[in-house]
Structures are given as C-alpha cells and as structure tokens.
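Quick notes on the structure that follows.
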Amino acid sequence: MLTTIATLASLLVAAALLYAGNGLQGTLLAVRGGGEGFSPPVIGALMSAYYFGFIVGCRVVPRYIANIGHIRSFVALASVASASALAHAIFVEPYSWGVLRAITGFAFAGMAMVLESWINERSSNANRGRVLSIYRIVDLSALTLGNLLLAAASPAGFELFALVSILISLALVPIAMTRIEAPPPVTQARLDLRGLYRVSPVAAAGALGTGLANAAFWGVAPLFVQSTGCGADTVGTFMSAAIVAAGLSQLPIGVLSDRIDRRIVLCAAALLAGCGAALLAIFGQSSVATLVLLGAALGMFMLPVFGLSLAHAADHAAKGQSVGVSGSMLLLHGMGAVVGAVLGGAAMSLAGGAGLFGYIATIEIALAAFALSRIAKRAAPENKSKHRPAPRSPSTVVYSGDNKR
C-alpha cells in the first residue's frame, strides 16, 4: 500500500495544488459575489455555469485524452483554468463570471478525469478504496488550505484571484515532470451512462446525488454563513471544518469499504449526512460554535460519498476503461450539480439556512434509501442468480465485477 502511494506521489502533489486553488476560488467567488450585491439565486446560477462547463468537459475531454494523452491534456487544461482565474478579477459582473465559470468547469472536469483515471489504472480492487481515500484526503486537505487562504487578503482585491492562478499553474510542474508511466492508450473514450447504471446503479445514483447536494453546499453555504452577519474568517472556518472532518473520516470509511460491500458503507454515510444536514437546518443559526460543529458533522459523511461511488464503479471497470468510467461518473455528478446549485440557491432564498440544509438532507436521505433498496433487492433469494455480464459492443463502456451493484 505504501509503495502504491509513493508511486502516485507526483499525481497527489498536483491534485493538492489544483484543488487548493479550486477551493479558494469557489469560496472567494461566493463571498465576493455577496459583497458585490449578487443575490443567492444569481450565485447559485454561477455555480451552475461551472457545472455546465463541467458537463461539456466530461463529454469532450475524453477525446483529447485519446488523441494527445493524459499529460498534454492536463497541461493544456491547467493553463486555461489559470488564465480564467485571473479574468474573474478583471470582469466583475454576473454574465462575465458565468462564462468564466463555465470555462473553469470545463478545465477542471478534464483535469479531474486525467488524475482519477490515472490513479484507478494504478489501483486494484483489493486496495482501491484505500487509494482513493488517500486521494480524497489530499483533495480535502487542499480544499481546507484553500478556504483558509481566504483570510490572506481582502476578497474585494486582486490578490486572492492571483493566488488561485499561481496554485493552478504550479500543479503543472509535478505532472510535466512525473516519472510515472502514463496509462495505456485509451481504447474507448465514449461515455455510456446507461451502461454505467446497468452495471452499477448505486454508483450512478451516488454520482448524481452528490452533484445535487454538494453543489448546493459549495456554492451557497458560504453565502448563508455570511448572511448571519459573520465575516470572511468565519466563512473560511465553517467550510474548513466540514472539509477537515471529511478528511479525518475518509480513510476509515475507505478501509471499511474495502472489507465489506461498498454499498452498505455508502448507504450509512448518506443517511448520516442527511441527519447532519437536518440538524443544521434546525440549529444552524443558534451560535457560531454550533454552526461550525454541525458543519463538521455534515462534511464528515457527505463529502466521502462520491469517492465511495467512484470506487464501486471502478470495481466493475475492465482494464483500459478507466477514462470512460471516470468520465461517466463525473458527467452524472456535473448534471446533478447544475440543477443542485440552482435549487440550493432557490431554497435559501425562500427559507434561509433551513431551506438550504433541508434540501441537502432530502437528497442524502433519498440516496441512502435507494442504496438500501438495491442491497435488499440483491439479497433477495430470487435475485441471487449467477452474474451474467451485460452485452458488450464497441460503443459502450465495458465493465467487469462481482455483481455487487
């Protein structure tokens, strides 16, 4: 296990720099938008623009990876994302930000696809949960740093946008200089959502559900904290508490998912996340300490759900199909996020924090119920038939696995 992590060190360093920049940028735009007088629905729409670009990236970038490879694709996309970060500080109005957020989403979809497919190719079913947990810990730790950097300068200035650009640009260095062998040439880059759902319904539902819930949290929760009268430092503390708690829970959850049915772990995490969101809806405005504590409880269980879903999907992927699997999962996540960011903003506009976190609780509990229904269905005696692989064709993503769907 340690050898595997050491081998992936350059990818993990690149991910840390990349996600630190993205974490800072997301919170910065929510806070700066609030300061500029943007309404919650407008800020939610800006988050949706990011995920619209994310969806387009999931559809288009696999072709780039197939044609020019993982490293060149990452370098090109990181350059675009870095330039976009600077442009936000120049054109401070909703329409320009909408276009720039879409461009940023496109770039980050492709970079995430490169990193996650590369890591999946270097993992096995026996250790994938732990490897992806380490990747998520790096991701979440970087997001924590990014949110804490919000206090390094005034959100009203240019400096924080420049810092975002610097972090994204530095992520190029370990990828450009890596000695890790790139994955084999992509044999099939076309995404197949139906194929993904047919073989792994819980993974598909997890990707969609986390998009619906997480986009509302990332995009609108900072604005909610700001609306209570708290400053940028409290916003950063709240977001960081959620991320740190998720980082602490990630590895134990990943280890557990390697030992038992991943769907059971996913179901439990989603249910507990729903409970945490419900408590925030009721008690979130009682005090700053309560707000931060409940934010940590929500993040501890909500943020690891996508990693569990991705690991479960990857368990069923045939060799050489990691780009298709990662792309399909990210596409579903992005589709959910486009809707989720808007719904989260609308819910907060209508009912404040209770509306926002009530919406998140509903999504998480629904996901837990779906996962439980699939577990029960597969456990029923009449459904315990021998696994028969789904029909394959050259235009579909190929999967393999133990039929734990």
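Observations, loosely collected:
- Test: residue in the range 61-72 that is at pLDDT 80 or above, farther than 30 Å from Ile134 by Cα, part of a helix (DSSP H, G or I) and open to solvent by less than 10 Å² (accessible area, probe 1.4 Å): no
- Number of residues in the range 282-314 that are surrounded by fewer than 24 Cβ atoms within 10 Å (Cβ to Cβ) and part of a loop (DSSP other than H, G, I, E, B) equals 3.
- Count of residues meeting criterion [of a type outside the set (A, V, I, L, M) and open to solvent by 60 Å² or more (accessible area, probe 1.4 Å)] in the range 355-369: 1
- The helices (runs of 4 or more DSSP H) found wholly in the range 110-208 and carrying at least 2 residues that are over 30 Å from Leu223 (Cβ atoms) and modelled with pLDDT under 80 occupy 128-148, 193-199.
- Qualifying residues in the range 209-240 (those that are in a helix (DSSP H, G or I) and open to solvent by 20 Å² or more (accessible area, probe 1.4 Å)) - the one nearest to Leu367 (Cα to Cα): Leu212
- Cβ-Cβ under 8 Å pairs, at least 6 apart or on other chains, the range 341-357 side of a type in the set (Val, Ile, Thr), far side open to solvent by 20 Å² or more (accessible area, probe 1.4 Å): Val342/Pro41; Val342/Ala45
- Screening the candidates Ala213, Ala245, Ala221 for the property of being more than 22 Å from Leu46 (Cα to Cα) and among the small types (Gly, Ala, Ser) yields one hit, Ala245.
The values are calculated or read from the model by the stated rules, or taken from the named source; none is laboratory data. Computed from a predicted model, the values in this text were never measured in an experiment. For neighbour counting, all protein chains shown are included, and Cβ atoms are generated from backbone atoms with ideal geometry for every residue, glycine included. Just the protein is used for accessible areas: all its heavy atoms, side chains included, with ligands, DNA and RNA removed. Shrake-Rupley method; radii C 1.70, N 1.55, O 1.52, S 1.80 Å.
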